[in-house]
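Engineer: Structure incoming, see below.
The values are calculated or read from the model by the stated rules, or taken from the named source; none is laboratory data. Values in this document were obtained by computation on a predicted structure and should not be read as measured data. Using ideal geometry, Cβ is built from the backbone for each residue, glycine included, and neighbour counts are taken over all protein chains shown. The area values use the complete protein model at the heavy-atom level, side chains included, leaving out ligands, DNA and RNA. Shrake-Rupley method; radii C 1.70, N 1.55, O 1.52, S 1.80 Å.
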Amino acid sequence: MVRPPTAQSLVSRFCSNPTTPSIPNTKKSFFQAPTPPSSAYFSQSRKWVSFKIQHSAPQRVWYNKQNGVEEVKDGTSHGNDLENGVRRKKLAVFVSGGGSNFKSIHEASLGGSVHGDIVVLVTNKRGCGGSVYARDNGIPVVLFPKTKDKPDGLAPNDLVAELRKFEVDFVLLAGYLKLIPVELIRAYPRSILNIHPSLLPAFGGKGYYGMKVHKAVIASGARFSGPTIHFVDEHYDTGRILAQSVVPVLAKDTAEELAARVLQEEHRLYVEVTTALCEERIIWREDGVPLIQSKENPSEYR
């Protein structure tokens, strides 16, 4: 079995060869900005860093419906089976609405293409479509945040403690409209992803969500749009971009038509990125830019 390259060997491989490799196949889904070919890869001075998070947590505990946590329908433990030496990851998904990206990732997990399991759903709307789907599939539901209208919701530190109890490795935001608390960001560094329905940094930030994004794209005259997956920091839509995919904006598009086209691409892209995340193929460049290592050719990044 061929062992994957270490960070040190990657440094040696790239630094010892002064020739810039060709740009990866543009049919790949990960968007490359229109820059000179030499920027598709990296100069001799750049170094590669493989960044893997280890989250310590106690044994799994199953809860009754109290303190914002709903009982899971069965107590089946998710396996820790290894695939090519990589442990199966445990995922928490956050939703505020129908949760179509959540459903796509869950189906991919059940189908075996994602080497991970969704072990808990977090929502600020107990009755949203994503929550209903989670309950129907035996996934525990956690209510967050705690408000005057939702006194049984969790406070930020309690949410972190709850995710620890579920042994969560990564957090995936899938249409969650609340700002993520700093307590969670500090507890899960470089381990929280969000998907946004535009090509960030355009049409992002506070107030840009859902149909508002697509209406703004059309009004601007932009010829292209598409989803962006980025790591989460303490602000809206400003974290490091991991992947993007481009869809055309047609001359007679309505916001609804553009939204449907972008959403279809969201489902595909989020599954691809979650697959790479669970297989530990996210590599961080020395300057803090995250890249995805190709599974077929580990010497290529995008």
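Engineer: Scan the range 88-105 for residues that are on the phi < 0 side of the Ramachandran plot, surrounded by 22 or more Cβ atoms within 10 Å (Cβ to Cβ) and not β-branched (Val, Ile, Thr) and jot them down.
Structural biologist: 89, 90, 91, 92, 94, 101, 102, listed by residue number.
Engineer: Can you pull out the residues in the range 133-171 that are of a type in the set (S, T, N, Q), farther than 21 Å from residue 105 by Cα and modelled with pLDDT of 95 or more?
Structural biologist: Listed by number, the list holds a single entry, 157.
Residue-wise test of (1) farther than 26 Å from residue 183 by Cβ; (2) over 20 Å from the mean Cα position of the chain (by Cα).
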{"position": "89", "(1), (2)": "no, no"}
{"position": "97", "(1), (2)": "no, no"}
{"position": "104", "(1), (2)": "yes, no"}
{"position": "109", "(1), (2)": "yes, no"}
{"position": "115", "(1), (2)": "yes, no"}
{"position": "118", "(1), (2)": "no, no"}
{"position": "137", "(1), (2)": "yes, yes"}
{"position": "141", "(1), (2)": "no, no"}
{"position": "146", "(1), (2)": "no, yes"}
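Engineer: Out of the residues in the range 258-280 that are open to solvent by 60 Å² or more (accessible area, probe 1.4 Å) and within 21 Å of residue 116 (Cα to Cα), state the one that is nearest to the chain's Cα centre (by Cα).
Structural biologist: Among them, the one singled out is 272.
Engineer: Here is a further query. Return the only residue of 201, 197, 145, 140 being open to solvent by 40 Å² or more (accessible area, probe 1.4 Å) and in contact (Cβ under 8 Å) with a residue 12 or more places away in the chain.
Structural biologist: 201
Engineer: Would you please name the residue that is farthest from residue 264 (Cα to Cα), looking only at residues in the range 182-194 that are without any contact (Cβ under 8 Å) to a residue 60 or more places away in the chain and assigned to a strand (DSSP E or B)?
Structural biologist: Looking at the filtered set, the residue picked out is 192.
Engineer: So which of 242, 250, 199 ends up being closer than 30 Å to residue 168 by Cα and either touching a helix residue (DSSP H, G or I) at 6+ places or on another chain (Cβ under 6 Å) or assigned to a loop (DSSP other than H, G, I, E, B) (or both)?
Structural biologist: Just a single option satisfies the conditions, and that option is 199.
Engineer: Next up: Would it be correct to say that residue 212 is over 27 Å from residue 292 (Cα atoms), of a type outside the set (Phe, Trp, Tyr) and assigned to a helix (DSSP H, G or I)?
Structural biologist: Considered against the rule, which asks whether it is over 27 Å from residue 292 (Cα atoms), of a type outside the set (Phe, Trp, Tyr) and assigned to a helix (DSSP H, G or I), residue 212 comes out as yes.
Engineer: Please work out which one of (1) open to solvent by 50 Å² or more (accessible area, probe 1.4 Å); (2) within 25 Å of residue 103 (Cβ to Cβ); (3) free of Cβ contacts under 8 Å to residues at least 24 places away in the same chain is the condition residue 211 fails and give its number.
Structural biologist: (3)
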